[in-house]
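Input: a single structure, listed below in structure tokens.
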Amino acid sequence: MNPDGFETAKEGACDGYYNSGRENANNKDLNRNFPSQWEHPHNNEMFKGREPETLAIMSWIVQNPFVLSGNLHGGSVVASYPFDDTVSHQECCKYSASPDDDLFRHLALTYASNHGTMSAGNLCSGDHFKNGTTNGADWYDVKGGMQDFNYVYGSCWEVTFELSCCKYPKASELPKEWRNNKESLLAFMEHTHMGAKGVVSDAVSGDTLEGVSVSVQDINYNVTTSRRGEYWRLLLPGTYTLVAKAYGYEPTEQEIVIVNGTVTRQDLKLNPINKVVEATTLLTTAPSTTTTTTTTTTAKPELPEEKGFVTKPEFKY
């Protein structure tokens, strides 16, 4: 993501600032350069002030249906989950829960508990993390981070894994890091297969539907179907009600049961809205009655690919 920073970083430099490669060639920290959901940016505002690398990653995220993401960092040993930011941008120590807080806590704990040492929570100077996990904003506030962007705008659950007290450990440390992280990486990736998944289609034509909002009742978060009508919704075990909504269609609900360690396949069908309006007009020039029948449908909105920030930007250097 940051080739400029990688070029300037020095192997063995443990400090988070000097020789760390944190910034790009424009001296911008790319993990503070994404849009912040608390500022409610719209369309072109999503692009303002973004670095070329940030725009490339934003485009990549929203044009690919990623489900689960691990953001690998150095500088501490902890699993940090959303939100990283708060509406007040308070510097630290303010828990910022996402709508999927229980799920994120589970994902973070899965990684930490399968890691060789992370669950201790006190491996680096000044660190005191219960079970080796933390809410991002409760640790320190990150405005414009990729983790929150992935969740808010990408229909993707991302957790940040800080893997080493040293920002850029020596290559000789890699065998030890692999032993520490192998099982946690595998366990984390296996969680892509939990919750619900399926395809949303038109109940009449059978065509798959892109851009449908799929949410869970009582959880204020939705994912959006892919170009092939697919959706993936990570969920902890339990009974839920899926709600699918799209312009021009009647909303549909479906109860599902999620069993631990499995994924439930639940396809959804939406019925098109067809309103028949009958207008009766009495003609003053004749005793007859004329009946006019008009069929109308809700206008189909422009797809995200056609308008809005997900339009592929023209990168200029």
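The values are calculated or read from the model by the stated rules, or taken from the named source; none is laboratory data. Worth saying up front: this structure is predicted, and the values here are computed from it rather than measured. Heads up, the Cβs are rebuilt from the backbone with ideal geometry, glycines too, and the neighbour counts pull from every protein chain shown.
Within segment 1-15, can you find the residues that are assigned to a loop (DSSP other than H, G, I, E, B) and either under 30 Å from Ser155 (Cα atoms) or not assigned by TED's automatic domain parsing to the domain that holds Pro82 (or both)?
Met1, Asn2
Here is a list of conditions, (1) at pLDDT 95 or above; (2) within 29 Å of Cys165 (Cα to Cα), and Pro52 meets all of them except one; can you say which number that is?
All conditions are met except number (2).
So which of Val67, Val62, Val77 is of a type in the set (A, V, I, L, M), touching an Asp or Glu at 6+ places or on another chain (Cβ under 8 Å) and surrounded by 13 or more Cβ atoms within 10 Å (Cβ to Cβ)?
Sole residue among the options that is of a type in the set (A, V, I, L, M), touching an Asp or Glu at 6+ places or on another chain (Cβ under 8 Å) and surrounded by 13 or more Cβ atoms within 10 Å (Cβ to Cβ): Val77.
Considering segment 179-203 alone, what residues qualify as being among the hydrophobic types (A, V, I, L, M, F, W, C) and outside any strand (DSSP E or B)?
Leu185, Leu186, Ala187, Phe188, Met189, Met194, Ala203
Return the residue satisfying two criteria in turn: it lies in segment 46-73 and is in a helix (DSSP H, G or I) and small (Gly, Ala, Ser), and of such residues it is farthest from Asp29 (Cα to Cα).
Among them, the one singled out is Ser59.
Exactly one of these conditions fails for Val216: (1) surrounded by 13 or more Cβ atoms within 10 Å (Cβ to Cβ); (2) closer than 23 Å to Thr134 by Cβ. Give me its number.
Every listed condition holds for Val216 apart from (2).
Restricting attention to segment 155-167, report how many residues are crowded, with 20+ Cβ neighbours inside 10 Å, more than 15 Å from the chain's Cα centre (by Cα) and not in a strand (DSSP E or B).
Here the count works out to 1.
Results for (1) touching a Ser or Thr at 6+ places or on another chain (Cβ under 9 Å); (2) among the β-branched types (Val, Ile, Thr), shown as yes or no for each residue.
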residue: Pro175; (1), (2): no, no
residue: Thr192; (1), (2): no, yes
residue: Ile219; (1), (2): no, yes
residue: Glu230; (1), (2): yes, no
residue: Gly248; (1), (2): yes, no
residue: Asn260; (1), (2): no, no
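Pairs please, first residue from segment 232-250 and free of Cβ contacts under 8 Å to residues at least 40 places away in the same chain and on the phi > 0 side of the Ramachandran plot, second anywhere and buried (at least 18 other Cβ atoms within 10 Å of the Cβ) and not aromatic (Phe, Trp, Tyr), Cβ atoms under 8 Å, 6+ apart in sequence or on different chains.
Listed by first residue and then by second, the contacts come to Gly238/Ile258.
Out of curiosity, is Val152 part of a loop (DSSP other than H, G, I, E, B), in contact with a helix residue (DSSP H, G or I) (Cβ under 9 Å, 6 or more places away or on another chain), within 20 Å of Pro99 (Cα to Cα) and aliphatic (A, V, I, L, M)?
For Val152, the condition - part of a loop (DSSP other than H, G, I, E, B), in contact with a helix residue (DSSP H, G or I) (Cβ under 9 Å, 6 or more places away or on another chain), within 20 Å of Pro99 (Cα to Cα) and aliphatic (A, V, I, L, M) - is not met.
Would you point out which residue out of Tyr240, Tyr249 is over 30 Å from Gly132 (Cβ atoms), among the aromatic types (Phe, Trp, Tyr) and outside the structural domain of Phe104 (by TED's automatic domain parsing)?
Tyr249
Looking at Tyr81 and the list (1) modelled with pLDDT under 90; (2) more than 19 Å from Met1 (Cα to Cα), which single condition is not satisfied?
Exception for Tyr81: condition (1).
Of the conditions (1) of a type outside the set (Asp, Glu); (2) part of a helix (DSSP H, G or I); (3) more than 25 Å from Val152 (Cα to Cα), Asn31 satisfies every one except a single condition; which number is it?
(3)
Let's see how each residue does on (1) touching a strand residue (DSSP E or B) at 6+ places or on another chain (Cβ under 9 Å); (2) at pLDDT 95 or above; (3) among the aliphatic types (A, V, I, L, M); (4) assigned to a helix (DSSP H, G or I):
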position: Ser96; (1), (2), (3), (4): yes, yes, no, no
position: Gly116; (1), (2), (3), (4): no, yes, no, no
position: Ser125; (1), (2), (3), (4): no, no, no, no
position: Ala137; (1), (2), (3), (4): no, yes, yes, yes
